[in-house]
Amino acid sequence: MKKLVIFGSGDIAQLAHYYFSTDSEYEVVAFTVDASYIQAPEFCGLPVVAFEDAPFKYPPESYDFFVALSYSKLNAVRKEKYFSAKEKGYRLVSFVSSRATVLNDGKIGENCFIFEDNTIQPFVRIGNNVTLWSGNHIGHHSVIKDHTFIASHVVVSGGVEIGEQCFIGVNATLRDHIKIGERCVIGAGSLLLSDAEPEGVYIGAATERSKVPSTKLRGI
């Protein structure tokens, strides 16, 4: 099996370890983080090494790499580590679940994390360092650019373009043939019917608490 080093030591890294170990051709051999962030010598039963020392202990000629970070600082942290790993000479690999429906002829970039139950229709293009959490619909001819994070059960209709470093929240819906500018935040449950300018924030209306307490409800 191919050997893999994962950047991170949090929940996303633990998930990456699970998915790569159970549904890929890779064997995870170590984790790495910046030296100042090392909290324990092991994670998931594997060694944690300083990122600064990773190329010496796990040389890029023999080990591939995956950056397992969330959307912190609007994906900027994951973007930075993605480029840092490439500068160290590592080949960054993607995880695409065998339980995802992928019909776009593999037009998926490096360091993508694509969970189960995603539907990626024909002619979709997915850039580098993109996360698609579980259960999304990515419509035909859509483009998702680099360093974007899409949470669960998002509907991206056909012909949508999503710019770099965007965050799309749970259950958001994007109508067909619109453009989302870079570094946009589309909140949970939002409905977008027109283009979004760069750095826009769109927040769906939250359900308010009823004035009637649950103890007064009848038939429940």
Test for F43: is it buried (at least 21 other Cβ atoms within 10 Å of the Cβ) and either of a type in the set (G, A, S) or within 30 Å of E182 (Cβ to Cβ) (or both):
no
Please specify each residue of segment 51-69 satisfying the condition of being assigned to a loop (DSSP other than H, G, I, E, B) and more than 17 Å from I12 (Cβ to Cβ).
Y58, P59, P60, E61, S62, Y63
Taking into account only those residues within segment 180-220 that are open to solvent by 90 Å² or more (accessible area, probe 1.4 Å) and of a type in the set (V, I, T), which is farthest from the chain's Cα centre (by Cα)?
T215
Neighbours by Cβ (under 7 Å, 6+ apart or cross-chain): first from segment 24-50, within 16 Å of G10 (Cβ to Cβ); second open to solvent by 80 Å² or more (accessible area, probe 1.4 Å) and of a type outside the set (D, E, K, R)
C44/Q14; V48/P41
Which of (1) open to solvent by 50 Å² or more (accessible area, probe 1.4 Å); (2) at positive phi is the odd one out, the single condition G89 does not satisfy?
(1)
Quick check on my filter: what residues within segment 116-146 are in a strand (DSSP E or B) and under 19 Å from A16 (Cβ atoms)?
I126, T131, L132
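The values are calculated or read from the model by the stated rules, or taken from the named source; none is laboratory data. Since this is a predicted model, take the numbers as computed values, not measurements. A quick note on method: Cβ atoms are made from the backbone with ideal geometry, for glycine too, and the neighbour counts reach across all protein chains shown. Each accessible area value is taken on the protein alone, full model and side chains, heavy atoms only, with ligands, DNA and RNA left out. Shrake-Rupley method; radii C 1.70, N 1.55, O 1.52, S 1.80 Å.
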